[in-house]
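The values are calculated or read from the model by the stated rules, or taken from the named source; none is laboratory data. Model, not experiment: these values are computed from the prediction. Virtual Cβ from ideal backbone geometry, glycine too; neighbours counted across all protein chains shown.
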Amino acid sequence: MSISFDRRRRTAGTPARRSAAVAAVCGLLLNTGCSLTSGPASDSEDASGLSAALGKVSSEPETRIVGYTDSARLRELTKEAPERFADFRPFPDPELATELSGSAASKYRIDPDQIEERLWIQSTDSPLSAGYWRGVFDSESITKKLKAEGRPEREQDGVAVWGGHEDSQNDYTVSDQEFTHVHPVGTRVFHPADGKALADKAEYRQLVACLGDVYSVSIEPRQGGSDPRQGGKGLSHLAIGQLARSVDDTSGVVCAVARSRESALKASETVKAVLKGQPQYAGSEVTVLEGDEGEGRPPVVKVVVPDNPGDKKVGKIARRGPLLTALLKL
(Lines give C-alpha, C1' and ligand atoms only; values in the text may rest on other atoms or scores of the structure.)
Protein backbone atom coordinates (compact mmCIF):
# COMPACT_ATOMS: atom_id res chain seq x y z
CA MET A 1 0.00 0.00 0.00
CA SER A 2 1.45 3.34 -1.02
CA ILE A 3 0.71 6.53 0.85
CA SER A 4 1.86 10.04 0.06
CA PHE A 5 2.32 12.37 2.98
CA ASP A 6 1.40 15.87 1.81
CA ARG A 7 3.12 18.85 3.35
CA ARG A 8 0.95 20.30 6.11
CA ARG A 9 -0.01 23.94 5.97
CA ARG A 10 0.94 26.12 8.89
CA THR A 11 -1.81 27.99 10.64
CA ALA A 12 -2.03 31.76 10.22
CA GLY A 13 0.56 33.68 12.17
CA THR A 14 3.20 30.98 12.09
CA PRO A 15 6.32 31.71 10.00
CA ALA A 16 6.05 29.64 6.84
CA ARG A 17 8.51 26.80 6.64
CA ARG A 18 8.85 24.31 3.84
CA SER A 19 8.83 20.84 5.34
CA ALA A 20 10.50 17.78 3.91
CA ALA A 21 8.02 15.50 2.20
CA VAL A 22 8.20 11.75 2.54
CA ALA A 23 7.00 10.24 -0.69
CA ALA A 24 5.78 6.78 -1.65
CA VAL A 25 5.53 5.43 1.85
CA CYS A 26 4.48 1.85 2.32
CA GLY A 27 2.32 1.62 5.45
CA LEU A 28 2.60 -1.27 7.85
CA LEU A 29 -0.55 -1.60 9.89
CA LEU A 30 -0.12 -3.84 12.86
CA ASN A 31 -0.87 -7.11 11.12
CA THR A 32 0.76 -6.41 7.73
CA GLY A 33 4.33 -6.20 6.55
CA CYS A 34 6.36 -4.63 3.75
CA SER A 35 9.31 -2.33 3.27
CA LEU A 36 9.95 0.67 1.09
CA THR A 37 12.65 2.82 -0.36
CA SER A 38 12.35 6.40 0.80
CA GLY A 39 13.10 9.36 -1.43
CA PRO A 40 16.29 11.35 -0.90
CA ALA A 41 16.41 13.58 2.13
CA SER A 42 15.43 17.19 1.58
CA ASP A 43 18.07 19.68 0.57
CA SER A 44 18.66 23.04 2.15
CA GLU A 45 16.21 24.73 -0.24
CA ASP A 46 13.31 22.60 0.99
CA ALA A 47 14.09 22.14 4.65
CA SER A 48 11.80 21.75 7.62
CA GLY A 49 12.38 23.88 10.69
CA LEU A 50 14.11 20.90 12.29
CA SER A 51 16.46 20.47 9.32
CA ALA A 52 17.43 24.14 9.36
CA ALA A 53 18.01 23.99 13.13
CA LEU A 54 20.23 20.91 12.83
CA GLY A 55 22.27 22.87 10.32
CA LYS A 56 23.32 25.12 13.22
CA VAL A 57 24.77 22.27 15.31
CA SER A 58 28.22 20.76 14.94
CA SER A 59 28.30 17.03 14.27
CA GLU A 60 31.42 16.52 16.39
CA PRO A 61 31.43 14.83 18.81
CA GLU A 62 28.59 12.45 17.96
CA THR A 63 27.35 11.85 21.51
CA ARG A 64 24.99 14.81 21.76
CA ILE A 65 21.32 14.62 22.63
CA VAL A 66 19.33 17.20 20.69
CA GLY A 67 15.98 18.66 21.73
CA TYR A 68 14.10 20.86 19.24
CA THR A 69 10.92 22.88 19.77
CA ASP A 70 8.97 25.06 17.37
CA SER A 71 8.04 27.48 20.14
CA ALA A 72 5.86 29.68 17.92
CA ARG A 73 3.78 26.68 16.86
CA LEU A 74 3.50 25.40 20.43
CA ARG A 75 2.29 28.81 21.63
CA GLU A 76 -0.42 28.80 18.97
CA LEU A 77 -1.57 25.32 19.96
CA THR A 78 -1.54 26.22 23.65
CA LYS A 79 -3.55 29.38 23.04
CA GLU A 80 -6.19 27.46 21.10
CA ALA A 81 -6.39 24.45 23.46
CA PRO A 82 -4.69 25.26 26.78
CA GLU A 83 -6.19 22.21 28.49
CA ARG A 84 -4.30 19.92 26.10
CA PHE A 85 -1.02 21.76 25.58
CA ALA A 86 -0.37 24.03 28.58
CA ASP A 87 1.33 21.28 30.58
CA PHE A 88 3.38 19.96 27.66
CA ARG A 89 7.10 20.25 28.27
CA PRO A 90 9.47 20.00 25.32
CA PHE A 91 11.76 17.05 25.67
CA PRO A 92 14.34 16.56 26.80
CA ASP A 93 13.35 18.83 29.66
CA PRO A 94 16.01 18.32 32.35
CA GLU A 95 16.13 20.67 35.29
CA LEU A 96 19.44 22.04 34.00
CA ALA A 97 17.90 23.10 30.68
CA THR A 98 15.07 24.89 32.45
CA GLU A 99 17.45 26.55 34.89
CA LEU A 100 19.93 27.79 32.29
CA SER A 101 17.30 28.94 29.79
CA GLY A 102 15.22 30.68 32.45
CA SER A 103 18.27 32.36 33.94
CA ALA A 104 19.49 33.65 30.57
CA ALA A 105 16.05 34.93 29.56
CA SER A 106 15.62 36.75 32.87
CA LYS A 107 19.13 38.17 33.03
CA TYR A 108 19.07 39.59 29.51
CA ARG A 109 15.37 40.48 29.52
CA ILE A 110 14.41 38.22 26.66
CA ASP A 111 10.67 37.88 26.19
CA PRO A 112 9.85 34.15 25.70
CA ASP A 113 7.21 35.13 23.14
CA GLN A 114 9.99 36.50 20.94
CA ILE A 115 11.58 33.05 20.68
CA GLU A 116 10.33 31.14 17.64
CA GLU A 117 12.51 28.04 17.84
CA ARG A 118 14.62 26.44 20.55
CA LEU A 119 17.39 23.87 20.51
CA TRP A 120 18.76 22.16 23.59
CA ILE A 121 22.03 20.23 23.32
CA GLN A 122 23.39 17.91 25.98
CA SER A 123 26.28 15.47 25.88
CA THR A 124 25.98 11.92 27.13
CA ASP A 125 29.64 11.71 28.12
CA SER A 126 30.72 15.25 29.12
CA PRO A 127 29.43 18.30 31.06
CA LEU A 128 28.33 19.96 27.81
CA SER A 129 24.97 21.75 27.80
CA ALA A 130 23.92 24.43 25.33
CA GLY A 131 20.91 26.33 24.06
CA TYR A 132 20.14 27.94 20.72
CA TRP A 133 17.20 30.30 20.22
CA ARG A 134 15.95 31.73 16.95
CA GLY A 135 13.64 34.73 17.09
CA VAL A 136 13.75 38.50 17.44
CA PHE A 137 16.26 39.91 19.93
CA ASP A 138 17.47 43.33 21.01
CA SER A 139 21.10 42.47 20.29
CA GLU A 140 22.37 45.95 21.15
CA SER A 141 20.81 45.88 24.61
CA ILE A 142 21.96 42.31 25.30
CA THR A 143 25.49 43.10 24.13
CA LYS A 144 25.66 46.06 26.51
CA LYS A 145 24.67 43.79 29.40
CA LEU A 146 27.31 41.21 28.42
CA LYS A 147 29.96 43.94 28.32
CA ALA A 148 28.80 45.35 31.66
CA GLU A 149 29.32 41.93 33.23
CA GLY A 150 32.98 42.14 32.28
CA ARG A 151 32.87 39.22 29.89
CA PRO A 152 35.85 38.98 27.52
CA GLU A 153 35.01 39.10 23.82
CA ARG A 154 36.68 36.84 21.28
CA GLU A 155 36.01 35.67 17.75
CA GLN A 156 35.22 32.02 17.15
CA ASP A 157 34.26 30.61 13.76
CA GLY A 158 33.65 34.14 12.52
CA VAL A 159 31.22 34.96 15.33
CA ALA A 160 31.71 37.28 18.31
CA VAL A 161 31.60 35.23 21.52
CA TRP A 162 31.23 36.65 25.02
CA GLY A 163 33.10 34.35 27.36
CA GLY A 164 32.75 33.36 30.97
CA HIS A 165 33.87 35.20 34.06
CA GLU A 166 34.26 34.23 37.70
CA ASP A 167 30.49 34.01 38.28
CA SER A 168 29.48 32.31 35.04
CA GLN A 169 31.31 29.73 32.98
CA ASN A 170 29.07 30.12 29.95
CA ASP A 171 29.75 31.46 26.46
CA TYR A 172 27.13 33.66 24.79
CA THR A 173 26.53 34.87 21.24
CA VAL A 174 23.79 37.23 20.13
CA SER A 175 22.44 38.77 16.93
CA ASP A 176 19.09 40.24 15.97
CA GLN A 177 17.85 36.74 15.07
CA GLU A 178 19.86 34.34 17.26
CA PHE A 179 20.93 33.86 20.87
CA THR A 180 23.11 31.02 22.15
CA HIS A 181 24.49 29.95 25.50
CA VAL A 182 27.10 27.21 25.88
CA HIS A 183 28.64 25.52 28.92
CA PRO A 184 31.53 25.05 29.52
CA VAL A 185 33.38 28.01 28.06
CA GLY A 186 35.25 27.36 24.81
CA THR A 187 33.11 24.43 23.67
CA ARG A 188 32.30 24.48 19.96
CA VAL A 189 28.65 23.59 19.45
CA PHE A 190 27.05 26.01 17.00
CA HIS A 191 28.06 27.66 13.70
CA PRO A 192 29.82 24.57 12.26
CA ALA A 193 31.99 24.64 9.16
CA ASP A 194 30.44 23.65 5.83
CA GLY A 195 29.64 19.96 5.76
CA LYS A 196 30.21 19.56 9.51
CA ALA A 197 26.66 20.08 10.79
CA LEU A 198 24.27 17.43 12.08
CA ALA A 199 22.01 18.25 9.12
CA ASP A 200 24.80 17.02 6.81
CA LYS A 201 24.88 13.54 8.34
CA ALA A 202 22.90 10.81 6.60
CA GLU A 203 21.32 9.59 9.83
CA TYR A 204 19.90 13.00 10.67
CA ARG A 205 18.72 13.63 7.10
CA GLN A 206 16.81 10.37 7.28
CA LEU A 207 15.33 11.35 10.63
CA VAL A 208 14.17 14.72 9.29
CA ALA A 209 12.44 12.99 6.37
CA CYS A 210 10.86 10.45 8.71
CA LEU A 211 9.68 12.85 11.41
CA GLY A 212 7.93 15.36 9.17
CA ASP A 213 6.79 18.73 10.50
CA VAL A 214 7.20 18.05 14.22
CA TYR A 215 6.71 20.90 16.68
CA SER A 216 8.87 19.16 19.25
CA VAL A 217 11.36 16.30 19.16
CA SER A 218 14.29 14.79 21.01
CA ILE A 219 17.02 12.88 19.18
CA GLU A 220 19.45 10.63 21.00
CA PRO A 221 22.40 8.72 19.52
CA ARG A 222 22.64 5.15 20.81
CA GLN A 223 25.87 3.50 21.86
CA GLY A 224 26.17 0.08 20.26
CA GLY A 225 27.65 -2.07 23.00
CA SER A 226 27.90 -5.79 23.56
CA ASP A 227 25.47 -5.80 26.50
CA PRO A 228 21.97 -6.40 25.05
CA ARG A 229 20.38 -4.98 28.21
CA GLN A 230 21.77 -1.54 27.37
CA GLY A 231 20.39 -1.42 23.82
CA GLY A 232 21.87 0.39 20.85
CA LYS A 233 23.10 -2.71 19.06
CA GLY A 234 20.42 -2.61 16.37
CA LEU A 235 19.43 1.07 16.39
CA SER A 236 21.92 3.93 16.10
CA HIS A 237 19.59 6.92 16.71
CA LEU A 238 16.20 7.27 18.38
CA ALA A 239 13.93 10.29 17.87
CA ILE A 240 10.66 10.96 19.70
CA GLY A 241 8.50 13.74 18.32
CA GLN A 242 5.10 15.40 18.40
CA LEU A 243 2.89 16.23 15.40
CA ALA A 244 -0.22 18.42 15.23
CA ARG A 245 -2.27 18.97 12.10
CA SER A 246 -4.67 20.79 14.42
CA VAL A 247 -5.39 20.87 18.15
CA ASP A 248 -7.76 17.93 17.66
CA ASP A 249 -5.57 15.93 15.29
CA THR A 250 -2.37 15.16 17.16
CA SER A 251 -0.01 12.23 17.36
CA GLY A 252 3.37 11.11 18.56
CA VAL A 253 6.03 9.84 16.19
CA VAL A 254 9.08 7.68 16.84
CA CYS A 255 11.80 7.34 14.22
CA ALA A 256 14.63 4.89 14.82
CA VAL A 257 17.67 4.69 12.55
CA ALA A 258 18.70 1.06 12.12
CA ARG A 259 22.25 -0.14 11.70
CA SER A 260 21.19 -2.59 8.97
CA ARG A 261 18.15 -3.70 6.97
CA GLU A 262 17.91 -6.80 9.12
CA SER A 263 17.89 -4.68 12.28
CA ALA A 264 15.12 -2.50 10.82
CA LEU A 265 12.91 -5.46 9.98
CA LYS A 266 13.53 -7.01 13.39
CA ALA A 267 12.69 -3.73 15.14
CA SER A 268 9.46 -3.32 13.15
CA GLU A 269 8.32 -6.82 14.08
CA THR A 270 9.17 -6.20 17.73
CA VAL A 271 7.22 -2.94 17.73
CA LYS A 272 4.17 -4.52 16.07
CA ALA A 273 4.14 -7.25 18.71
CA VAL A 274 4.33 -4.67 21.51
CA LEU A 275 1.56 -2.49 20.06
CA LYS A 276 -0.86 -5.35 19.44
CA GLY A 277 -3.69 -5.38 21.95
CA GLN A 278 -2.56 -2.21 23.75
CA PRO A 279 -5.53 0.23 23.95
CA GLN A 280 -3.28 3.26 24.41
CA TYR A 281 -1.66 2.51 21.04
CA ALA A 282 -4.91 1.99 19.10
CA GLY A 283 -4.65 3.15 15.49
CA SER A 284 -0.86 3.10 15.48
CA GLU A 285 1.06 2.60 12.26
CA VAL A 286 4.50 1.10 11.77
CA THR A 287 6.53 1.91 8.65
CA VAL A 288 9.97 0.86 7.45
CA LEU A 289 11.81 3.39 5.32
CA GLU A 290 14.38 1.27 3.56
CA GLY A 291 17.62 3.14 2.98
CA ASP A 292 20.18 2.96 0.22
CA GLU A 293 23.52 1.51 1.25
CA GLY A 294 25.19 2.77 -1.92
CA GLU A 295 24.13 6.33 -1.14
CA GLY A 296 24.89 5.97 2.56
CA ARG A 297 21.25 6.27 3.66
CA PRO A 298 20.43 3.93 6.56
CA PRO A 299 16.98 2.36 6.96
CA VAL A 300 14.56 3.90 9.46
CA VAL A 301 11.68 2.44 11.45
CA LYS A 302 8.79 4.87 11.90
CA VAL A 303 5.99 4.51 14.45
CA VAL A 304 3.05 6.93 14.52
CA VAL A 305 0.81 6.77 17.59
CA PRO A 306 -2.32 8.95 17.35
CA ASP A 307 -3.70 10.60 20.44
CA ASN A 308 -7.04 9.02 21.26
CA PRO A 309 -10.21 11.07 21.88
CA GLY A 310 -9.95 10.21 25.56
CA ASP A 311 -6.40 11.56 25.89
CA LYS A 312 -6.71 14.84 27.77
CA LYS A 313 -3.04 15.75 27.29
CA VAL A 314 -0.64 15.42 24.39
CA GLY A 315 2.76 13.79 24.71
CA LYS A 316 1.88 10.29 25.88
CA ILE A 317 4.42 8.73 23.51
CA ALA A 318 7.25 10.42 25.42
CA ARG A 319 6.20 8.83 28.69
CA ARG A 320 7.86 5.54 29.45
CA GLY A 321 5.66 2.64 28.40
CA PRO A 322 5.89 -0.71 26.61
CA LEU A 323 6.79 0.91 23.27
CA LEU A 324 9.75 2.96 24.48
CA THR A 325 10.92 0.17 26.75
CA ALA A 326 11.08 -2.20 23.78
CA LEU A 327 12.86 0.31 21.53
CA LEU A 328 15.46 1.15 24.15
CA LYS A 329 16.46 -2.52 24.28
CA LEU A 330 17.10 -2.78 20.53
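Here the stretch 76-107 is the region considered, the condition is being assigned to a loop (DSSP other than H, G, I, E, B) and not aromatic (Phe, Trp, Tyr), and the residue that is modelled with the highest pLDDT is ALA81. Checked against the criteria, GLY310 counts as free of Cβ contacts under 8 Å to residues at least 60 places away in the same chain and either farther than 27 Å from ALA53 by Cβ or in contact with a Pro (Cβ under 9 Å, 6 or more places away or on another chain) (or both).
The residues on offer are LEU207, LEU211, and the sole one that is in contact with a His (Cβ under 7 Å, 6 or more places away or on another chain), within 30 Å of LYS312 (Cα to Cα) and at pLDDT 95 or above is LEU207. Look at (1) assigned to a loop (DSSP other than H, G, I, E, B); (2) surrounded by fewer than 18 Cβ atoms within 10 Å (Cβ to Cβ) and you find that GLN280 fails only one, number (1).
Comparison of LEU238, LEU211, LEU207 shows that the only residue that is within 25 Å of GLN122 (Cβ to Cβ), aliphatic (A, V, I, L, M), in contact with an Asp or Glu (Cβ under 9 Å, 6 or more places away or on another chain) and buried (at least 17 other Cβ atoms within 10 Å of the Cβ) is LEU238. Residue-level analysis places VAL257 among those that are in a strand (DSSP E or B), outside the structural domain of THR63 (by TED's automatic domain parsing) and touching a helix residue (DSSP H, G or I) at 6+ places or on another chain (Cβ under 6 Å).
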